[in-house]
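A.B. asks: Before we start, here is the structure in question, set down as structure tokens.
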Amino acid sequence: MARPALLPCTCAAGAEHRLHREVAFAVLSPHPLLSSVIPPGLLSVAHARGAWLSVLPLASQGTGHGKQILVLGLDGAGKTSVLHSLATNHVKRSMAPTEGFNAICVNTEELQMEFLEIGGSESLRSYWKMYLPKVLLLIYVVDSADHARLPVAKQLLHQLIQNNSTLPVVVLANKQDLEGAYCITDIHDALALSDIGDNRKMFLIGTHVAEDGSEISSNMKDAKELIAQLVLEAQ
Ligand SMILES: Nc1nc2c(ncn2[C@@H]2O[C@H](COP(=O)(O)OP(=O)(O)OP(=O)(O)O)[C@@H](O)[C@H]2O)c(=O)[nH]1
Ligand SMILES: [Mg+2]
């Protein structure tokens, strides 16, 4: 099957300076896309906590025909960093935890993908499950060097998908650059992926978000192409 050619993201560019206006819009008058996937509760929680809430401009605003991809994983795993890198094709580490949700649009030649990250802190994990029925694909990001919390990451992943036997899952074993990071085989075992992969499309890719400004790694490009392919197949 032919892989989609990739185009630079058009919707993430220039997003930062529009952040505050977009936040106000999202809180006071829910974004047409977000209103279909975000329950009002999450918006109000984020608002009440004075949370960092980033809603990047989405090219499909108002159409409601997005290809939504849920991005989950423990706090600090690197979800936001990976998403920014996928969107811009350049490495960009996140500086702040996501205190609510984070929506980012990534375009390829053939489709527009809408990624929705929900923060990984304990207080936000209860929202994770709400979105699974509404998405085409789950991206689950783990910190490969955070050995102590891999059992928690495993437990949450298994709980999340136990009642959904067909949802495709892409696990990103992030922070492969760190000394002490588990290799892919060890991550596969630590997350017991063989127990959940039988009836679904399941992929495990090692990634890292190394330095600000440089081009993304070949693994990250592979991950982006794979995600696009899975979304196309899921339509
Ligand atoms: N060394 C290294 N650091 C990374 C990598 N990816 C992200 N980081 C750093 O890890 C920290 C957490 O990254 P985030 O992208 O904010 O993590 P997150 O999963 O979005 O976390 P929450 O939003 O709190 O759920 C930041 O300090 C990043 O700079 C990586 O591949 N390697
Ligand atoms: Mg984040």
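The values are calculated or read from the model by the stated rules, or taken from the named source; none is laboratory data. Bear in mind the structure is a predicted one, so any value in this text is a computation, not a measurement. Glycine gets a Cβ as well: all are built from the backbone with ideal geometry, and neighbour counts include every protein chain shown. What goes into the accessible areas is simple: the full protein's heavy atoms, side chains included, and nothing from ligands, DNA or RNA. Shrake-Rupley method; radii C 1.70, N 1.55, O 1.52, S 1.80 Å.
A.B. asks: Among the candidates LEU83, LEU172, LEU74, single out the residue that is within 19 Å of GLY206 (Cα to Cα), within 15 Å of ligand 2 (Cβ to nearest atom) and out of contact with any helix residue (DSSP H, G or I) (no Cβ under 8 Å at 6 or more places or on another chain).
C.D. replies: Numbers: LEU172 fails: out of contact with any helix residue (DSSP H, G or I) (no Cβ under 8 Å at 6 or more places or on another chain); LEU74 fails: out of contact with any helix residue (DSSP H, G or I) (no Cβ under 8 Å at 6 or more places or on another chain).
After applying the criteria, what remains is LEU83.
A.B. asks: Residues that are open to solvent by 30 Å² or more (accessible area, probe 1.4 Å) and away from ligand 1 (no atom under 15 Å from the Cβ): which strands (runs of 3 or more DSSP E) entirely in segment 84-194 hold 1 or more of them?
C.D. replies: Values: elements: 101-107, 112-118, 137-143, 169-174.
Result: 112-118.
A.B. asks: Can you find even one residue in segment 109-121 that is within 18 Å of LEU204 (Cβ to Cβ) and touching a strand residue (DSSP E or B) at 6+ places or on another chain (Cβ under 9 Å)? Talk me through it step by step, then tell me what you get.
C.D. replies: Residues of segment 109-121 that are within 18 Å of LEU204 (Cβ to Cβ), as a first pass: none.
There is no residue in segment 109-121 that is within 18 Å of LEU204 (Cβ to Cβ) and touching a strand residue (DSSP E or B) at 6+ places or on another chain (Cβ under 9 Å).
A.B. asks: Conditions: (1) modelled with pLDDT under 90; (2) open to solvent by 30 Å² or more (accessible area, probe 1.4 Å); (3) within 15 Å of ligand 1 (Cβ to nearest atom). PHE25 meets all but one. Number of the miss?
C.D. replies: (3)
A.B. asks: Mind listing whichever residues of segment 101-118 are more than 11 Å from LEU70 (Cα to Cα) and either touching an Asp or Glu at 6+ places or on another chain (Cβ under 9 Å) or near ligand 2 (Cβ under 10 Å from one of its atoms) (or both)?
C.D. replies: Of all residues in segment 101-118, those more than 11 Å from LEU70 (Cα to Cα) come to 105-112.
Those that are more than 11 Å from LEU70 (Cα to Cα) and either touching an Asp or Glu at 6+ places or on another chain (Cβ under 9 Å) or near ligand 2 (Cβ under 10 Å from one of its atoms) (or both): CYS105, VAL106, THR108.
A.B. asks: Against the definition (touching a Phe, Trp or Tyr at 6+ places or on another chain (Cβ under 9 Å), modelled with pLDDT of 85 or more and surrounded by 18 or more Cβ atoms within 10 Å (Cβ to Cβ)), how does GLY73 come out, yes or no?
C.D. replies: Details: touching a Phe, Trp or Tyr at 6+ places or on another chain (Cβ under 9 Å): yes; modelled with pLDDT of 85 or more: yes; surrounded by 18 or more Cβ atoms within 10 Å (Cβ to Cβ): yes.
So GLY73 passes the test.
A.B. asks: Here is a check on your reading of the model: is GLN235 open to solvent by less than 50 Å² (accessible area, probe 1.4 Å), more than 16 Å from ligand 2 (Cβ to nearest atom), under 29 Å from GLN112 (Cβ atoms) and of a type in the set (S, T, N, Q)? It would help to see each step written out before you state the result.
C.D. replies: Values: open to solvent by less than 50 Å² (accessible area, probe 1.4 Å): no; more than 16 Å from ligand 2 (Cβ to nearest atom): yes; under 29 Å from GLN112 (Cβ atoms): yes; of a type in the set (S, T, N, Q): yes.
No, not satisfied.
A.B. asks: Here is a list of conditions, (1) within 16 Å of ligand 2 (Cβ to nearest atom); (2) farther than 21 Å from ALA234 by Cα; (3) not aromatic (Phe, Trp, Tyr), and VAL141 meets all of them except one; can you say which number that is?
C.D. replies: Just one mismatch for VAL141, condition (2).
A.B. asks: Hey, another quick one. Restricting attention to segment 195-218, which residues are open to solvent by 70 Å² or more (accessible area, probe 1.4 Å) and closer than 16 Å to SER81 by Cβ?
C.D. replies: GLU211, ASP212, GLU215
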